[in-house]
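Participant: I have a structure I would like to understand better, so I am pasting it below and will then ask my questions one at a time.
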Amino acid sequence: MTSADDPTAHQLRLLLVLAEELHFGRAASRLYLTQPALSQQIRSLEQRLGVELFTRTSRRVELTKQGQSLLPYAKAVVDASDALRGAVRRAIPTKLRLGVCESFGALAPTRQVIAQTSERHPELGPDVHVADDFTEQLAMLTDGVIDAAFVYLPVPEGLTASVLRTEPRVVCMAVSDPLAQRRSVSLADLADRPMVNLGSSTFHVGRDYWAHDPRPDGSRVRYTDHQVTRFESLLSAVSLGRAIAFVPAAAMTLYPRPDLRYLPVDDLPGCAFGVVWHSNDHDKPKIAVLEDIARRVRRAAAAS
């Protein structure tokens, strides 16, 4: 095995999680990956190592003897990688690395936090990383690529959020939908319409929240067979007229399209937008600065 074929610490981290779960769906959910992406990474790792790590059937996943024997070494590499990253962070002053995805960078609270950080603490930057979608952004946060991220709540366990603003949720539907000519709708009006499936990589609490599943009467929501992970894909799925989606009211300004209609939902609770970080990072100076700035932005918005 040449150095070019050496497994990465990230691949070994995936191996450890899958070895704990022995289920590609649950492991992918923990890692904020799709199941195909996780399977591809594990196959690549097996090819690099030249051994079969798991046996897979339609019903179960099991570690092979070779895979079991390699776990202590994989854990040692991952632990060493984490220790190295921690040592670098302690030894070298770093910028505040903030993640944004989709059009979140266009939202006023995002721009205000970035501007105030730059003005009040120029030594922190900040350094802004752009992710393709929410799933990738959470993976970047998990892997330590970024320190914090701008997101709509809720977020997975282990993350702390500072809310920057609240806003209504609206329903996004095809302009051809018979309800599209209404000024507003209720949840009862939408009971027979399926919701766009946000995908197996989206943590279930978040998916249920954005679909408002279950509904107040206890009924469960129907989802489309096709799954999406990007907001643009969600809008395209809605425009075909076979499903709806609940989205932040900001989408009306950020994503105006002639084939879509956004309507208020009279009995649908609103949503919150904020900045999140790992809960165990709360005592880090960079996060303390970020939390203070987020608090200032929230107060200024409330006073205006």
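The values are calculated or read from the model by the stated rules, or taken from the named source; none is laboratory data. Please read these numbers as outputs of a predicted model, since none were measured by experiment. Counting neighbours? That spans all protein chains shown, and the Cβs are built from the backbone with ideal geometry, glycine included. Protein only, heavy atoms only, side chains kept; ligands, DNA and RNA dropped before computing areas. Shrake-Rupley method; radii C 1.70, N 1.55, O 1.52, S 1.80 Å.
Participant: DSSP loop (so not H, G, I, E, B), at most 11 other Cβ within 10 Å: list which trypsin sites (Lys or Arg not before Pro) in the stretch 206-268 pass both filters.
Facilitator: Here the trypsin sites (Lys or Arg not before Pro) that fit, given the DSSP loop and packing criteria, are R220.
Participant: Can you tell me, using C-alpha contacts under 8 Å and at least 6 residues apart, the relative contact order of the chain as a whole percent?
Facilitator: For the chain, the relative contact order is 22 percent.
Participant: Right, something else. Under the √(5λ) rule applied to the eigenvalues of the Cα gyration tensor, what semi-axes describe the equivalent ellipsoid of the stretch 156-304? Give them in Å, descending.
Facilitator: Working through the eigenvalues yields semi-axes of 31, 18, 14 Å.
Participant: If you split all Cα-Cα distances of the chain into 20 Å bins from zero, what percentages do you get per bin, shortest first?
Facilitator: Spelled out per bin, shortest first, that is 29, 52, 19, 0.
Participant: Compute the convex hull volume of the Cα atoms of the stretch 4-53, divide it by the residue count, and report the result per residue in Å³ as a whole number.
Facilitator: 66
Participant: For the chain, what is the accessible area per residue in Å², given a 1.4 Å probe and the full set of protein chains? If you can, show how the numbers build up before the last one.
Facilitator: Numbers: 15710 Å² over 304 residues.
Averaged over the residues of the chain, the accessible area is 52 Å².
Participant: Taking the Cα centre of the stretch 146-246 as origin and charging only Cβ (+1 Lys, Arg; -1 Asp, Glu), how large is the dipole, in debye to the nearest 20? Mind showing how you got there, number by number?
Facilitator: Working: 11 positive and 11 negative charges, 52 e Å.
Value, rounded to 20: 260 debye.
Participant: Give the lysines whose C-alpha is closer than 17 Å to that of K65, dropping any in the same chain fewer than 8 places away, or say none.
Facilitator: Answer for K65, where 17 Å is the Cα cut-off: K75, listed by chain and number.
Participant: D259 to D292: FRET efficiency via 1/(1 + (r/R0)^6), r the Cβ-Cβ distance, R0 51 Å, to the nearest 0.05? Each step should come with its number before you reach the end.
Facilitator: Working: r = 43 Å, r/R0 = 0.84.
That pair, D259 with D292, gives E of 0.75.
Participant: Under the √(5λ) rule applied to the eigenvalues of the Cα gyration tensor, what semi-axes describe the equivalent ellipsoid of the stretch 222-304? Give them in Å, descending.
Facilitator: Whole-Å semi-axes of the equivalent ellipsoid: 33, 18, 12.
Participant: I want to check the label-to-label distance for A180 and T55. Put each point 7 Å from Cα in the C-beta direction and report it in nm to one decimal.
Facilitator: It is 5.4 nm.
Participant: Roughly to the nearest percent, how much of the accessible area of the stretch 168-285 is carbon and sulfur, given a 1.4 Å probe?
Facilitator: 54
Participant: Shifting gears a bit: For the chain, what does -39500 (n - 2.57) per DSSP helix run (n ≥ 4), summed and divided by total residues, give at 222 nm, in deg cm²/dmol to the nearest 500?
Facilitator: Working: 10 runs with 125 residues, N = 304.
For the chain, the value works out to -13000 deg cm²/dmol.
Participant: Let me ask another. How about the stretch 80-169: which GluC sites (Glu not before Pro) there lie in a loop by DSSP and see at most 11 other Cβ atoms within 10 Å?
Facilitator: Filter output for the stretch 80-169: E157.
Participant: Now for a separate question. What lysines sit close enough to K286 to cross-link, taking a C-alpha to C-alpha distance under 28 Å and skipping anything fewer than 8 places away on the same chain?
Facilitator: Reachable lysines: K95.
Participant: Using only Cα atoms, what Kirkwood radius does the stretch 1-135 have, in angstroms?
Facilitator: Values: mean 1/r = 0.0567 Å⁻¹.
Answer for the stretch 1-135: a Kirkwood hydrodynamic radius of 17.6 Å.
Participant: How about the stretch 85-185: which trypsin sites (Lys or Arg not before Pro) there lie in a loop by DSSP and see at most 11 other Cβ atoms within 10 Å?
Facilitator: Answer in residue order: R183.
Participant: Let me ask you something else. For D281 and A80, what does the FRET efficiency come to when R0 = 30 Å and r is the distance between their Cβ atoms, rounded to the nearest 0.05? Can you show the working numbers first?
Facilitator: Numbers: r = 21 Å, r/R0 = 0.69.
Calculated transfer efficiency: 0.90.
Participant: Roughly how tilted is helix 35-49, in degrees to the nearest 10 and between 0 and 90, from the longest Cα axis of the chain?
Facilitator: 10
Participant: Any chance you could check the Cα centroid distance between the stretch 12-90 and the stretch 224-288 for me, in angstrom?
Facilitator: With the stretch 12-90 and the stretch 224-288 each reduced to a Cα centre, they are spaced 31 Å.
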